[in-house]
Amino acid sequence: MTLDPLAIVTAFGLIFLAELPDKTMFASLAMGTRMRPLYVWFGTSTAFLVHVALAVGAGSLIGLLPTMAVKLVSAALFAFGAFALLRNGGDDDEDEAGSKTVTGFWPVYGTAFMAVFISEWGDLTQITTANLAATNGWLPTAMGSAAALMSVSALALLVGRFIAKRVPLKTVQRIGGICMAALAVWTLIEAFAG
């Protein structure tokens, strides 16, 4: 097997552009304002690596997964995230020093991993990765796709950290909660429209 640089670049470009407006990018951004960004990135990256491996390994079998159930679980996770952010961000009397940030590696890693792992099933990027692997080879596709997904997550976390330093935490939490609630509704609509 040859390692075609053009196949790597093609996979990176297509997956990066497909993931930019995706709900997992916004979930990463929201988690990065409340949790340690590096820990979130490790969790999201691991989930992306698992999905890339599944996509290139299973190919067209991904389309056979029960889409409705996956989307309902994903919507529930986004709704829970919205509840947690809005509940913690809604109290104006509490000072910002009293707001707790989740800092332990395993809780943050587990939350980020599960949020991405569940919401990415049957996603456009996973299907695109499977299709690219079938035509361009599994190794260059896996390399390009994984690099693209991890880059988008890192970009979202950097933007989230930038915002968190310039905007009061309560405002960021409220906006993040509203975004997570919107993602829950969007995912429910996708579940019942498809």
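What follows draws every value from the coordinates through simple rules; no lab data is involved. Because the structure is predicted, anything quoted here is derived from the model rather than measured. Because the Cβ atoms are built from the backbone with ideal geometry, glycine has one as well, and the counts that use them run over all protein chains shown.
Figures for the structure shown
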item	result
Interchain or long-range residues, amide H under 5 Å from Met35's placed H	none
Proximal charge balance of Thr67 [Cβ under 13 Å; K/R count +1, D/E count -1]	-2
Net +/- balance of residues flanking Ser119 in space, Cβ distance below 15 Å, scoring K and R +1, D and E -1	-3
Simple label model, 7 Å out from Cα along Cβ direction - Thr46 to Trp106, nm	1.1 nm
Residues in the stretch 113-151 reached by a label modelled at Leu20 [backbone nitrogen below 17 Å; 7 Å Cα→Cβ]	124-125, 145, 147-151
Cα gyration tensor shape of the stretch 105-179, rounded if a/c is under 1.5, else prolate or oblate by comparing a/b with b/c	prolate
Efficiency of FRET from Cβ geometry, Met114 and Ile178, R₀ 22 Å, rounded to 0.05	0.55
